[in-house]
1. Please work out how much accessible surface Y75 shows to a 1.4 Å probe, ignoring ligands, DNA and RNA, in Å² rounded to 10.
2. Arrange the peptides 17-29, 33-45 so that the one whose residues have, on average, the most other Cβ atoms within 10 Å appears first.
3. Rolling a 1.4 angstrom probe over the protein chains, ignoring ligands and nucleic acids, what is the accessible area of T64 in square angstrom, nearest 10?
4. Taking the alpha carbon gyration tensor of the chain, what are the square roots of 5 times its eigenvalues, largest first, to the nearest whole Å?
5. I'd like the FRET efficiency for S5 and N66, computed as 1/(1 + (r/R0)^6) with the beta carbon distance as r and R0 of 35 Å, rounded to 0.05.
Amino acid sequence: MIQDSNFIDLKSVPCPLNVVKCKLALEKLSKEDILFVDLDRGEPEIMVKQTLENLGYQLDQVKTENEWIRLVVRYGCKS
């Protein structure tokens, strides 16, 4: 089950605001917590993934729809 504090819906949120909102949400969590993020496909998906991976986060796509995706964001790179 997804807790409200560990989920953000960024569908229809333009770049780069969606990147900023992801970073702010991650700052509120401990390094052991995970964050679920819903994003529009296309540029928002690319920009958020690229930025968070560059910051050292691990991203896994857990749901795919025609217009949006759901990512799970964890601290630390894949081994």
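The values are calculated or read from the model by the stated rules, or taken from the named source; none is laboratory data. Note that the structure is a prediction, hence the values are computed from the model and not measured. Cβ atoms come from the backbone with ideal geometry, glycine included; neighbour counts cover every protein chain shown. In case anyone asks, the SASA skips ligands and DNA or RNA and just uses the protein heavy atoms, side chains included. Shrake-Rupley method; radii C 1.70, N 1.55, O 1.52, S 1.80 Å.
1. Here the residue's solvent-accessible area equals roughly 110 Å².
2. 33-45, 17-29
3. Its heavy atoms expose roughly 80 Å² to the probe.
4. 17, 14, 13
5. 0.80
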